[in-house]
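J.: Would you mind keeping the following structure in view while I ask a few things?
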Amino acid sequence: ALPGHLLRGLLPLLTVFHLERAEDAARRAGVSTQPIWRKLWDDVMKTRPPNSESITCWRKKFLETFFSNVLHGVLDVSSDWRLNDRHFSPLLHSSPHVSQLTLCNMLQGAVELTAEHNHKVLENLAGSLRILKFQHLLSCDQSIRRSLVLLLHRLIHHGSVSQVSMCSWPVPDTVLLVLILSMSAGFWRSGSALAYHGSPCGLCREEDKAQSQESARERAERGCNAEREGSGGENQKGSPEEAEARTNSVLSGPRSPPLRNPACEETSSEVPCDHTSIQGGSSPRSSSQQLSCHPVPRKTRRRLKPAAGRKRRCLRRSRGHYADPEDLYDFVFTVAREDNSGLLDRTRSTEGENTENWTCSSPGSPCTGHAGCKKRGGPAGIFSLKAAHRFRSVSTLELFSIPLTGETCRALSNLLSSWVSLENLVLSYNGLHANISCILSGLRALSRRPGCRFRVLRVSDMFSHMPCMELVRCVLSALPQLHTLSVSFDLKNHLDGSRPEENPSCSEAEIPESCLEVLEIRFPREPLHTAFLLPVLKASKSLQQLSLDSATLPCPQELGLLLEVLKEYTPNLKKLSFHDVNLAEHQKEVLLLLQDPGLQEITFSFCRLFESSTAEFLSEIINTVKRNSSLKSLKLPGNRLGNHRLVALADIFSEDSSSSLCQLDVSSNCIKPDGLLEFTKKLEGHIQQRGGQIPFTHLRLFQNWLDQDAGTAQEALRRLKAVCSVVNDSWDSSQAFADYISVM
């Protein structure tokens, strides 16, 4: 209960342990600890964090980074007296503040976190961690994989992780990749694989106990119903359709426990889609036997046997605990076989067991699959999802720079088809090529499932398998419920030389009315044909944001046609962005966009606006923006404004202006310190004329030539920050110019 001024002087003298304990007292006294945590960062980490301007809590930032550095052995706690406290357990005391964690290389962090002495640390992470990242992974032995299984089970299935990201894995270990994907989707098996230091998972055990009475009651009810039916039950046995209905009933089981993710609750009925419903993996109310981490009694196993949908050799492997760690990876993804029909063919064997042929059919090149069970020595496939348990799953999956083979794409497609909790999928530089059709097939099946939450798809790659607009139409035809779609490619795929520009089966298909709100397309220097974009815009009445990147305009009239289409079919459009599109000869269309009363944000990024323009064009831009009271943000990076054009832009806020412009981005515009200072002085004059009130709040100045006169730049920035929020960087313009010359 110290007075505020005494507490303010005492806090810098405390160790991290005592500073944490004093946090509440400081808050009650109205004393901020943020400067102390920031100084701790500077002294201990000795680096400038990325996006430091956006950090709102330095306490959390420091402790989260501190946890990661200690876990990976890159920080010695004895290096600073504030960390070297006998009461301070680095991992234990910092773990409640960790919301994002990255595991690297040989997954040493997973081994450390699942060690018995870190049990409490893992429990803290289960409550605090939201994002789990894997980076630069390497192949590892099975003891490390077992630790990874324990970690994923606790943090995803029984924790709070909602996002799994994997990046920079040039030669992925297929078994390890499939392991992470399947557990992220909520699939795993029971048995010793989920034992924690010799004991089965306690949380799964609690679920079983909570459900045992309900399961017993339902079994008794089913027995009574069977007795009432009498001989009628024998008649049902001979009907394949009724037998399947009974199988579905068994798989439905009792209600899901509260611990499971509600997003994973689905109906067990068949859905009319390209993938057949995975009864065991996606059943909404899976039985307690399915949720248990213990071996299921043999009697129950025999009862579930017809619904497992796999050959006997697969079933035998699932009847008890795993005797050997190698068995943990024996159930891998079944590899599809070639099927010219391009459809999912579900057949039934003479024994009543189901065999599925997975074929991902979509316009383009289909991928096919065979549902045989393959041992670990063969190609990686999918483990029997019907024999697996369904736990809580994540809502966001991101895969960056990880090559995905045809097998892996079929595996991912199979998981996606029932991953109803999934909301966001990001696939970046995975070398998909024709396998994008397989991914779309899984997503199409997912979209038809009750309770599907999938809303955001982002696909980027080096080469495009098909023209961008064709892919966009394919995606929207398959996924009309999407809210955000981003498609980005660097180069065209010219491997076949004679590849047709259009796939008629896709381009002629009618696009259903969609829920699309955000559409981002990065063309691999393809022509932007409004006629191809028109069906997409017609179907996207809710579109609010459109971004067109690296497109070429095939004729001078094309941009005008696009503006007419946007005006007619997208009444709700609020944000429009052009990047790396040559607009030097489209001054009329630029002015029309700037006076559009519906647009609130306009971006012309690296569009060469002033390459062949006159001073009159700049004046027309300024006057148009001054009259537009609806425009809130204008972004002009990379257009060679220079000092004189920047100074002229200050007139947007003159006394006679009705502009509501809040944000201005003039990054990468060859602006020098003297020009910035002159802009500042002119802006201050307009503010004084308007009685100190202007709407301008944010200015972005990245990658300008402000390092050429540090004193003038500091004065300009100091005066600007009294007017608005300024975001800039310490960019070395001389080095950047040298880099530019070196690659010319």
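The values are calculated or read from the model by the stated rules, or taken from the named source; none is laboratory data. Please read these numbers as outputs of a predicted model, since none were measured by experiment. All Cβ positions, glycine included, derive from the backbone under ideal geometry; neighbour counts span all protein chains shown. Calculation scope for accessible area: heavy atoms of the full protein, side chains included, ligands and nucleic acids excluded. Shrake-Rupley method; radii C 1.70, N 1.55, O 1.52, S 1.80 Å.
J.: Which number in (1) in a loop (DSSP other than H, G, I, E, B); (2) over 23 Å from L717 (Cα atoms) marks the one condition that G638 misses?
T.: Checking G638 against (1) in a loop (DSSP other than H, G, I, E, B); (2) over 23 Å from L717 (Cα atoms), the one that fails is (2).
J.: Looking only at the range 600-616, which residues are open to solvent by less than 30 Å² (accessible area, probe 1.4 Å) and part of a loop (DSSP other than H, G, I, E, B)?
T.: Looking only at the range 600-616, we keep the residues that are open to solvent by less than 30 Å² (accessible area, probe 1.4 Å), and these are 602-605, 607, 609-610, 613.
Selection gives C607, L609, F610, S613.
J.: Of the residues S79, S99, only one is of a type in the set (S, T, Y), surrounded by fewer than 20 Cβ atoms within 10 Å (Cβ to Cβ) and under 30 Å from H698 (Cα atoms); which?
T.: Numbers: S79 fails: under 30 Å from H698 (Cα atoms).
Just one listed residue meets the conditions, S99.
J.: Please state which one of E470, E398 is touching a helix residue (DSSP H, G or I) at 6+ places or on another chain (Cβ under 7 Å), acidic (D, E) and either in contact (Cβ under 8 Å) with a residue 60 or more places away in the chain or not assigned by the TED database to the domain that holds R154 (or both).
T.: Only one candidate qualifies: E470.
J.: Further, regarding this structure: Quick one: how many residues across the range 604-618 are touching a residue at least 40 places away in the same chain (Cβ under 8 Å) and within 22 Å of N572 (Cβ to Cβ)? Walk me through how you get there before you give the answer.
T.: Here is the first cut: in the range 604-618, the ones touching a residue at least 40 places away in the same chain (Cβ under 8 Å) are 606.
With within 22 Å of N572 (Cβ to Cβ) added as a condition, the list becomes none.
Number of matching residues: 0.
J.: Kindly provide the set of residues from the range 439-466 that are more than 19 Å from the chain's Cα centre (by Cα), open to solvent by less than 10 Å² (accessible area, probe 1.4 Å) and either under 19 Å from E517 (Cα atoms) or not polar (S, T, N, Q) (or both), ordered by number.
T.: A445
J.: Which of the residues that make up the range 379-409 are of a type in the set (D, E, K, R) and modelled with pLDDT of 95 or more?
T.: In the first step, residues of the range 379-409 are kept if they are of a type in the set (D, E, K, R); the result is 386, 390, 392, 398, 407.
Once the filter is applied, which keeps residues that are of a type in the set (D, E, K, R) and modelled with pLDDT of 95 or more, the range 379-409 yields only E398.
J.: Let me ask another. Taking S619 as the residue in question, decide whether it is open to solvent by less than 70 Å² (accessible area, probe 1.4 Å), of a type in the set (G, A, S) and not in a loop (DSSP other than H, G, I, E, B). Don't jump to the end; show me each part of the working.
T.: On the way: open to solvent by less than 70 Å² (accessible area, probe 1.4 Å): yes; of a type in the set (G, A, S): yes; not in a loop (DSSP other than H, G, I, E, B): yes.
Judged against the criteria, S619 is a match.
J.: Restricting attention to the range 650-677, which residues are aliphatic (A, V, I, L, M), surrounded by 22 or more Cβ atoms within 10 Å (Cβ to Cβ) and more than 34 Å from the chain's Cα centre (by Cα)?
T.: I652, I671, L676
J.: Filter the range 1-47 down to the residues that are of a type in the set (V, I, T), open to solvent by 60 Å² or more (accessible area, probe 1.4 Å) and assigned to a helix (DSSP H, G or I) and list them by number.
T.: The answer is none; no residue qualifies.
J.: Taking the range 62-100 only, how many residues are at pLDDT 90 or above and among the basic types (K, R)?
T.: Adding up the residues that qualify gives 1.
J.: For the range 512-528, state whether one or more residues are touching a helix residue (DSSP H, G or I) at 6+ places or on another chain (Cβ under 9 Å), small (G, A, S) and under 17 Å from A584 (Cα atoms).
T.: no
J.: Just to be sure before I move on: is M183 of a type in the set (A, V, I, L, M, F, W, C), closer than 29 Å to R458 by Cα, in a helix (DSSP H, G or I) and open to solvent by less than 40 Å² (accessible area, probe 1.4 Å) in the structure I sent?
T.: Yes.
J.: Does the range 45-61 contain at least one residue that is hydrophobic (A, V, I, L, M, F, W, C) and without any contact (Cβ under 8 Å) to a residue 12 or more places away in the chain?
T.: Our first condition is that a residue be hydrophobic (A, V, I, L, M, F, W, C); within the range 45-61, this holds for 45, 55, 57-58.
Checking which are without any contact (Cβ under 8 Å) to a residue 12 or more places away in the chain leaves us with 55.
Within the range 45-61, one or more residues are hydrophobic (A, V, I, L, M, F, W, C) and without any contact (Cβ under 8 Å) to a residue 12 or more places away in the chain.
J.: Something else now. Identify, from the list T680, T697, the residue that is free of Cβ contacts under 8 Å to residues at least 60 places away in the same chain and open to solvent by less than 50 Å² (accessible area, probe 1.4 Å). Show your work before the answer.
T.: Details: T697 fails: open to solvent by less than 50 Å² (accessible area, probe 1.4 Å).
Of the residues listed, the single one that is free of Cβ contacts under 8 Å to residues at least 60 places away in the same chain and open to solvent by less than 50 Å² (accessible area, probe 1.4 Å) is T680.
J.: Would you kindly identify the helices (runs of 4 or more DSSP H) lying entirely within the range 500-599 that contain at least 2 residues that are open to solvent by less than 30 Å² (accessible area, probe 1.4 Å) and not small (G, A, S)? Before you say what the answer is, go through the steps one by one.
T.: On the way: elements: 504-507, 530-539, 558-569, 587-594.
Result: 530-539, 558-569, 587-594.
J.: Hey, among the residues in the range 48-58 that are of a type in the set (S, T, N, Q) and assigned to a helix (DSSP H, G or I), which one's least open to solvent (accessible area, probe 1.4 Å)?
T.: Of everything passing the filter in the range 48-58, S52 is least open to solvent (accessible area, probe 1.4 Å).
J.: Then there is this: Determine whether the range 14-31 contains at least one residue that is over 18 Å from F67 (Cα atoms) and among the hydroxyl-bearing types (S, T, Y).
T.: No, every residue in the range 14-31 fails to be over 18 Å from F67 (Cα atoms) and among the hydroxyl-bearing types (S, T, Y).
J.: How many of the residues in the range 625-635 are of a type in the set (D, E, K, R) and either under 12 Å from L664 (Cβ atoms) or assigned to a loop (DSSP other than H, G, I, E, B) (or both)?
T.: Adding up the residues that qualify gives 2.
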